[in-house]
1. Restricting attention to strands (runs of 3 or more DSSP E) lying wholly within the stretch 219-311, give those where 1 or more residues are more than 22 Å from V87 (Cβ to Cβ).
2. Taking only pairs six or more apart or across chains, which ones have beta-carbon atoms under 8 Å, a first residue in the stretch 142-167 that is more than 20 Å from N121 (Cβ to Cβ), and a second residue that is within 10 Å of ligand 2 (Cβ to nearest atom) and small (G, A, S)?
3. I'd like to verify a number: residues in the stretch 449-483 that are assigned to a helix (DSSP H, G or I) and of a type outside the set (V, I, T), how many?
4. Restricting attention to the stretch 131-156, which residues are over 18 Å from C276 (Cβ atoms) and within 16 Å of ligand 2 (Cβ to nearest atom)?
5. Among the residues of the stretch 170-201, count how many are touching a residue at least 60 places away in the same chain (Cβ under 8 Å) and among the small types (G, A, S).
6. Starting from residues that are among the aromatic types (F, W, Y) and under 28 Å from the mean Cα position of the chain (by Cα), keep the ones in the stretch 180-220 and report whichever is modelled with the lowest pLDDT.
Amino acid sequence: MSADSWAVAVDFQEATTPAKQFDFSKKLERVRGPRHMRGDINGNLVPERKENGGVRADGDKVDLAEQSLLNKLIRRSLVRNRNQVEVLQRDPTSPLYSVKTFEELRLKPELLKGVYNMGFNRPSRIQENALPMMLAQPPQNLIAQSQSGTGKTAAFSLAMLSHVNPENEWTQCLCIAPTYELALQIGQVIEQMGKFYPDVKLAYAIRGNRLGRGVKLQEQIVIGTPGTVLDWCTKYKLIDPKKITMFVLDEADVMIATQGHRDQSIRIHRQLTKNCQMLLFSATFEDSVWRFAEQVVPEPNIIRLKREEETLDTIKQFYVFCREKEDKFTALCNLYGSLTIAQAMIFCQTRKMASWLASSLTVEGHQVALLSGEMTVEQRASVIERFRNGKEKVLVTTNVCSRGIDVEQVSLVVNFDLPVDFDGNADNETYLHRIGRTGRFGRRGFAVNMVDSKHSMDVINQIEMHFNRRITKLDTTNLEEIEALIS
Ligand SMILES: Nc1ncnc2c1ncn2[C@@H]1O[C@H](COP(=O)(O)OP(=O)(O)OP(=O)(O)O)[C@@H](O)[C@H]1O
Ligand SMILES: [Mg+2]
């Protein structure tokens with residue numbers, strides 16, 4: 001992490017507020033959220049069925065592991081969140097500890113140095129509560145949920161490093177993650193944090209990393225994917241599961257999206273002793289994650305940090321009436337000059353439409369970037385990076401690909417296709433996610449919706465009613481109004 005992003009991260013930290021303890025009886029509703037909704041990878045609530053089939057209404061495939069990786073590849077700093085942490089203690093009578101500084105944790109000096117060297121100067125919201133809980137004696141189990149980027153992985157990495165006894169040359173901490181790439185990402189955090197603590201060693205239990213049968217690993221920390229970890233524990237006996245004293249399941253929501261991973265995780269869990277400390281982390285917390293968590297983390301403490309809600313309060317919304325589909329393109333070309341005053345994102349319903357639109361705009365001589373589902377994660381990360389650095393001013397994309405882009409910097413969003421669900425009704429959640437802002441900066445934004453049929457006009461009306469906000473008609477042949485607003 002660079003010094004620059006550190007400065008931003010520190011800025012984002014909020015004045016400290018005491019953690020809120022929540023009532024056991026309300027546990028389920030509070031932890032689970034409304035029944036018909038589930039969270040996406042960013043902790044947004046989206047209707048459950050949309051992702052169940054693996055293909056969304058916009059035709060793009062959802063790969064949660066890829067999205068999660070993408071989030072990490074493009075993240076520069078801690079994600080800010082002003083909400084209060086909710087804590088549900090297994091023993092409500094025991095005092096609730098939270099820390100405001102890393103010093104309070106009485107870490108080994110080598111580790112404290114590692115933490116500061118990463119540019120962390122104080123615990124994030126979720127870390128304030130999670131760290132003392134994970135480091136407490138006797139050990140306590142923990143289930144923690146907070147949106148992507150709030151410091152969960154950094155938190156348990158520190159807990160693992162702090163937990164191990166470097167003099168014991170056997171595996172003591174075991175961490176599993178859904179994919180090879182995500183396991184590597186976690187490993188990098190541990191390596192960076194443990195930079196000044198060379199006695200602690202780390203091994204990767206990932207596909208292709210073959211070791212001889214029956215030789216016990218000396219690395220104190222092993223991180224890997226469920227299948228390989230299971231093999232290392234059972235088939236190859238490289239790890240003695242009875243000697244594992246800390247077990248971490250990261251990205252639980254992504255993990256359970258693959259049935260095989262879910263079952264393998266449970267099988268690993270069964271090999272462990274009762275005294276092993278169990279920790280589970282998830283960016284979202286729908287019912288299925290909760291059921292899984294209950295299976296693998298007995299008698300847990302639960303920590304939850306709700307994501308900051310997005311609002312439309314500071315967004316001016318317009319619609320452009322087009323007689324037919326072809327008109328939409330002309331209207332967009334008319335708008336183009338205004339788009340490039342600031343940065344704009346153009347959303348299409350399908351990959352095909354996005355590719356067509358990007359190439360048509362290019363043929364017209366406009367410079368646009370395309371973020372598409374066919375690209376590899378690395379290619380997508382690089383397109384987003386270029387866009388965020390202002391190298392491209394206009395980005396054409398579908399919903400799925402755009403996750404991870406910090407919309408705060410995009411002042412104009414064009415819905416070339418309106419967001420609709422499978423039944424053709426307004427998809428209000430997606431609309432909000434595309435154009436909304438978290439209340440914190442109150443930054444202004446503009447949304448232009450392309451309407452090309454009576455049906456899409458109905459969708460606009462549904463959106464207006466849902467959010468109780470007016471969407472004004474815009475004449476793209478007379479753009480003085482919008483240009484005056486943007487500049
Ligand atoms: N206390 C801190 N101070 C400053 N930066 C931090 C702190 N903790 C974590 N970070 C940084 O914030 C970013 C997000 O942290 P981390 O990856 O741990 O979040 P996460 O909750 O695990 O996200 P995800 O759900 O995507 O895995 C990283 O760049 C990390 O280095
Ligand atoms: Mg993480």
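1. Working: elements: 221-224, 246-249, 277-282, 300-305.
So the answer is 221-224.
2. Between residues of the stretch 142-167 that are more than 20 Å from N121 (Cβ to Cβ) and residues that are within 10 Å of ligand 2 (Cβ to nearest atom) and small (G, A, S), the close pairs are I143/S282; A144/A155; A144/S282; Q145/S282; Q145/A283; Q147/A283; S148/S68; S148/A283.
3. Applying the first criterion (assigned to a helix (DSSP H, G or I)) to the stretch 449-483 yields 454-467, 480-483.
Then keep just the ones that are of a type outside the set (V, I, T); that gives 454-458, 461-462, 464-467, 480-481, 483.
Of the residues in that region, 14 qualify.
4. First, the residues of the stretch 131-156 that are over 18 Å from C276 (Cβ atoms): 131-132, 145-155.
Once the filter is applied, which keeps residues that are over 18 Å from C276 (Cβ atoms) and within 16 Å of ligand 2 (Cβ to nearest atom), the stretch 131-156 yields L131, Q145, S146, Q147, S148, G149, T150, G151, K152, T153, A154, A155.
5. Keep residues of the stretch 170-201 that are touching a residue at least 60 places away in the same chain (Cβ under 8 Å), which gives 170-179, 181-182, 185-186, 192-197.
Okay, now just the ones that are also among the small types (G, A, S), so 177, 194.
Total meeting the criteria: 2.
6. Residues of the stretch 180-220 among the aromatic types (F, W, Y): 180, 196-197, 204.
Then drop every residue that is not under 28 Å from the mean Cα position of the chain (by Cα), which leaves 180, 204.
On the way: Y180: 91, Y204: 96.
Top of the filtered list is Y180.
For (1) more than 17 Å from Q147 (Cβ to Cβ); (2) at pLDDT 95 or above, each residue gets a yes or a no:
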position: K237; (1), (2): yes, no
position: P241; (1), (2): yes, yes
position: M246; (1), (2): yes, yes
position: L279; (1), (2): yes, yes
position: A283; (1), (2): no, no
position: E286; (1), (2): no, no
position: V297; (1), (2): yes, yes
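To keep it simple, each residue is scored yes or no on (1) within 16 Å of ligand 2 (Cβ to nearest atom); (2) in the same structural domain as F285 (by TED's automatic domain parsing); (3) modelled with pLDDT of 80 or more; (4) within 20 Å of the chain's Cα centre (by Cα).
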position: G43; (1), (2), (3), (4): yes, yes, no, yes
position: V46; (1), (2), (3), (4): no, yes, no, yes
position: R76; (1), (2), (3), (4): yes, yes, no, yes
position: L96; (1), (2), (3), (4): no, yes, no, no
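The values are calculated or read from the model by the stated rules, or taken from the named source; none is laboratory data. The structure presented is a predicted model; accordingly, all values stated were derived computationally and were not measured. When we count neighbours, we look across all protein chains shown, and the Cβ atoms used for this are built from the backbone with ideal geometry, even at glycine.
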